[in-house]
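Structure, as structure tokens:
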Amino acid sequence: MSTSDTADTLAATGRPDEIKAVPVRHPGRWVATAIIVVVLAAVGNSVATNSRFEWGVVGHFFFSSRILDGLVLTLELTAVAMVIGIAFGAVLAVMRLSPNPLVSGSSWVYVWFFRGTPLLVQILFWYAIAALYPRVNLGIPFGPAFIHANANELITPVTAAILALGLNEAAYMAEIVRAGILSVDEGQTEAAQALGFTRLQTMRRIVLPQAMRVILPPTGNETISMLKNTALVSVISVTELLFAAQQIYDVNYKTIPLLLVASIWYLIVTTVLSIGQYYLERHYGRGSSREQPLTLLQRVRGNLFSSRHATVEVPGVGGSPNR
Amino acid sequence: MSEPMVKAEGVHKSFGRLEVLKGITLEVQPREVMCVLGPSGSGKSTFLRCINHLEKIDAGRLSVDGELVGYRQSGDKIYELRDSEVARKRSEIGMVFQRFNLFPHMTALENVAMAPMRVKNIPKAEALARGREQLERVGLADKIKSYPAQLSGGQQQRVAIARALAMEPKLILFDEPTSALDPELVGEVLDAMRRLAEEGMTMLVVTHEIGFAREVGDTVVFMDDGVVVETGKPREVFANPRHERTRSFLSKVL
């Protein structure tokens, strides 16, 4: 297009022509695409043709009652251990921020201990706790006891699993919650106090809801990690998903298909958890940007239909707060 | 003469070894608008924060409406107040901050209605209705559903004023309310404050806005280096500063 053409349109419409430039070529992208397509084809081919995958066996056991029972126990362990972890972790976080050095120090020691030893060792420890304390007494410290229990009966494998996973998780959650509380601007606390909120109300109504934005993403990741870490308790014969699969292949020697069954279930649950996490984060992100973030469906649709114009124009974003 | 709303006698405050307030003595009468001027670091904001006990004073006496701030006197002994008692007293004193400090996870209306609901236990419907009135009063009737991030600085500060008003305070403290604003937004906030002053609100305003102090202030206090250097009617202080430090400060800002 010559300059005189542009000048003509400018004169006619008052607006210069839109730029129609030859796009930059990206040969590297084409090479990468070709390599990925080849690798995918090879993997797909092997999955479809290697008879040792035994997809028939996978399908046969996928909904078997033993696998499903194991899955349910895995979900229960994850939920209970996370609830313990979050609740106790929040307490530890508040303790850690206490001005009393003994209170904050004991929280520090707890985190140091439970983060400093492998989870697998902690699981074995709780399983063998009866060797250390054969009897559990409830009563006045150094005084008479009212309730006696046999530790072997009290701490079943499932109880040991819950204790190990939950108490270990509390140490990690304590750090996450503490970071969240510290991320909230001090001015928020001052404004709330100036309005007459008590310390507790300030924490509950003002600080924690804002801390959630920082706390939630890592908590979602912790939940997903927890789901997978429950597989560790198979070493103390808790029949969760992995141990259920192991029990089956110990008998029929179909190791690979049954490990696939377990893996696919883990993938399904982590996918569902990830979607839930996305919506939770969206809820607690209220007010942090000017636009309500898109739902997952809107995002997928946006990606499919406008991949050429990936930068969706959002008015106002990135501007100064003083419009 | 009625009891002063704020009465300070020899108020001292140190942060570590740095003494920020070196004996502040002043009185604010009910319905009075007092503007506190002075260079940064002179202790104006710290003094304001002492009045609602966001900072503890080290020595002297500070009372609001005849009651000690943060303490209770019984005979010769002084007792520290419990958290809930301090909170109740704070709820009677409004405060507007330099950086607005609106709650970002709540809409403008929720920001305004929150404290009446949670602190004064006013039923939700009534608190929301009153919140709407307060927002109308500062000219933001169309912004009740906006989050703070969607508002301009001037609008945010007006929401903050409405939030303080919703608690029906007997005194409002303003801590440099226009210092974080773009110049063209300062006027709308000062207008809202001027209307409050006309309605008879008792106000203690730390500010750099000489024009506002001159027009709206009943009294001007000039602070420097932790002490009150000069007090008087705005006309007298601005036209005829008696103290050298006031004179040199005014020559720089006027």
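Return the residues of the stretch B:81-97 that are assigned to a loop (DSSP other than H, G, I, E, B) and either among the aromatic types (Phe, Trp, Tyr) or at pLDDT below 95 (or both); say none if nothing qualifies. Steps first, answer last, please.
Filtering the stretch B:81-97 for residues assigned to a loop (DSSP other than H, G, I, E, B) gives B:81-82, B:91-92, B:97.
Matches in the stretch B:81-97: B:LEU81, B:ARG82, B:PHE97.
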| said: under 30 Å from B:GLY70 (Cβ atoms), more than 14 Å from chain B (Cβ to nearest Cβ) and surrounded by fewer than 21 Cβ atoms within 10 Å (Cβ to Cβ): is that true of A:LEU260 in this structure? | reply: no
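Looking at the stretch B:215-229, can you tell me whether even one residue there is small (Gly, Ala, Ser) and in contact (Cβ under 8 Å) with a residue 24 or more places away in the chain?
Keep residues of the stretch B:215-229 that are small (Gly, Ala, Ser), which gives B:217, B:226.
Now drop any that are not in contact (Cβ under 8 Å) with a residue 24 or more places away in the chain, which leaves B:217, B:226.
Among the residues of the stretch B:215-229, at least one is small (Gly, Ala, Ser) and in contact (Cβ under 8 Å) with a residue 24 or more places away in the chain, which makes the answer yes.
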When restricted to A:LEU138, A:LEU132, the only residue out of contact with any strand residue (DSSP E or B) (no Cβ under 7 Å at 6 or more places or on another chain) and either more than 30 Å from B:LEU171 (Cα to Cα) or within 14 Å of chain B (Cβ to nearest Cβ) (or both) is A:LEU132
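Give the stretch B:145-155 a look and list any residue that's of a type outside the set (Gly, Ala, Ser), part of a helix (DSSP H, G or I) and at the interface with chain A (Cβ under 8 Å from one of its Cβ atoms), or say none.
Listed by number, the residues that qualify are B:PRO148, B:GLN150.
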message = Is it the case, given these coordinates, that B:ILE24 is touching a Cys at 6+ places or on another chain (Cβ under 6 Å) and either charged (D, E, K, R) or buried (at least 22 other Cβ atoms within 10 Å of the Cβ) (or both)?
response = no
Taking the stretch A:224-262 and keeping only residues that are closer than 16 Å to A:THR78 by Cβ and over 17 Å from the mean Cα position of the chain (by Cα), one is left with A:LEU232, A:VAL233, A:SER234, A:VAL238, A:THR239, A:GLU240, A:LEU241, A:LEU242, A:PHE243, A:ALA244, A:ALA262
For the stretch B:238-254, pairs from a residue that is within 17 Å of B:THR207 (Cα to Cα) and of a type in the set (S, T, N, Q) to a residue that is at pLDDT 90 or above and assigned to a helix (DSSP H, G or I), with Cβ under 9 Å and 6 or more apart or across chains, are B:THR246/B:VAL237
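Among B:PRO183, B:PRO177, which is surrounded by fewer than 19 Cβ atoms within 10 Å (Cβ to Cβ) and either within 28 Å of B:PHE100 (Cβ to Cβ) or without any contact (Cβ under 8 Å) to a residue 60 or more places away in the chain (or both)? Don't jump to the end; show me each part of the working.
On the way: B:PRO177 fails: surrounded by fewer than 19 Cβ atoms within 10 Å (Cβ to Cβ).
Result: B:PRO183 is the single residue among B:PRO183, B:PRO177 that is surrounded by fewer than 19 Cβ atoms within 10 Å (Cβ to Cβ) and either within 28 Å of B:PHE100 (Cβ to Cβ) or without any contact (Cβ under 8 Å) to a residue 60 or more places away in the chain (or both).
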Inspect the stretch A:263-274 for any residue being farther than 17 Å from A:GLU76 by Cα, touching a helix residue (DSSP H, G or I) at 6+ places or on another chain (Cβ under 7 Å) and without any contact (Cβ under 8 Å) to a residue 12 or more places away in the chain and give the result as yes or no. no
Those residues of the stretch B:50-68 that are in contact with a helix residue (DSSP H, G or I) (Cβ under 8 Å, 6 or more places away or on another chain) and either within 14 Å of another protein chain (Cβ to nearest Cβ) or not in a strand (DSSP E or B) (or both) come to a total of 7
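Can you find even one residue in the stretch B:135-144 that is in contact with a strand residue (DSSP E or B) (Cβ under 8 Å, 6 or more places away or on another chain) and either under 22 Å from B:GLU176 (Cβ atoms) or surrounded by fewer than 18 Cβ atoms within 10 Å (Cβ to Cβ) (or both)? Quick ask: steps written out before the conclusion?
Initial filter on the stretch B:135-144 (in contact with a strand residue (DSSP E or B) (Cβ under 8 Å, 6 or more places away or on another chain)): none.
Within the stretch B:135-144, none of the residues are in contact with a strand residue (DSSP E or B) (Cβ under 8 Å, 6 or more places away or on another chain) and either under 22 Å from B:GLU176 (Cβ atoms) or surrounded by fewer than 18 Cβ atoms within 10 Å (Cβ to Cβ) (or both).
I'd like to check which helices (runs of 4 or more DSSP H) are fully inside the stretch A:33-143 and have at least 3 residues that are touching a residue at least 60 places away in the same chain (Cβ under 8 Å) and touching a Pro at 6+ places or on another chain (Cβ under 8 Å). Walk me through how you get there before you give the answer.
Details: elements: A:55-62, A:65-96, A:101-116, A:119-127, A:129-132.
Those helices (runs of 4 or more DSSP H) span A:55-62.
Can you tell me which residue within the stretch B:88-129, out of those that are charged (D, E, K, R) and in contact (Cβ under 8 Å) with a residue 60 or more places away in the chain, is farthest from the other protein chains (Cβ to nearest Cβ)?
Quick first cut of the stretch B:88-129, residues charged (D, E, K, R) only: B:88-90, B:92, B:99, B:110, B:118, B:120, B:124, B:126.
Next, only the ones that are in contact (Cβ under 8 Å) with a residue 60 or more places away in the chain stay: B:92, B:99.
On the way: B:GLU92: 8, B:ARG99: 6 Å.
Per the stated criteria, the residue is B:GLU92.
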Within the stretch B:59-82, the residues that are over 21 Å from the mean Cα position of the chain (by Cα) and surrounded by fewer than 16 Cβ atoms within 10 Å (Cβ to Cβ) are B:ALA59, B:ARG72, B:GLN73, B:SER74, B:GLY75, B:ASP76, B:LYS77, B:ILE78, B:TYR79, B:GLU80, B:ARG82
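Quick check on the stretch A:197-205. Is at least one of its residues under 19 Å from the mean Cα position of the chain (by Cα), within 24 Å of A:ILE84 (Cβ to Cβ) and of a type outside the set (D, E, K, R)? First the steps, then the outcome.
The first filter runs over the stretch A:197-205 and keeps only residues under 19 Å from the mean Cα position of the chain (by Cα), leaving none.
No, the stretch A:197-205 has no match at all.
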Only one of (1) in a helix (DSSP H, G or I); (2) of a type outside the set (Phe, Trp, Tyr); (3) within 16 Å of B:MET203 (Cβ to Cβ) does not apply to B:ALA127, and that is (3)
When the stretch A:177-200 is checked residue by residue, the ones that are under 15 Å from A:VAL214 (Cβ atoms) and either surrounded by 15 or more Cβ atoms within 10 Å (Cβ to Cβ) or within 8 Å of another protein chain (Cβ to nearest Cβ) (or both) are A:VAL177, A:ARG178, A:GLY180, A:ILE181, A:VAL184, A:ASP185, A:GLN188
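The values are calculated or read from the model by the stated rules, or taken from the named source; none is laboratory data. Keep in mind that what you see is a predicted model, and the values were worked out from it rather than measured. Here Cβ is always computed from backbone atoms with ideal geometry, including for glycine, and neighbour counts include all displayed protein chains.
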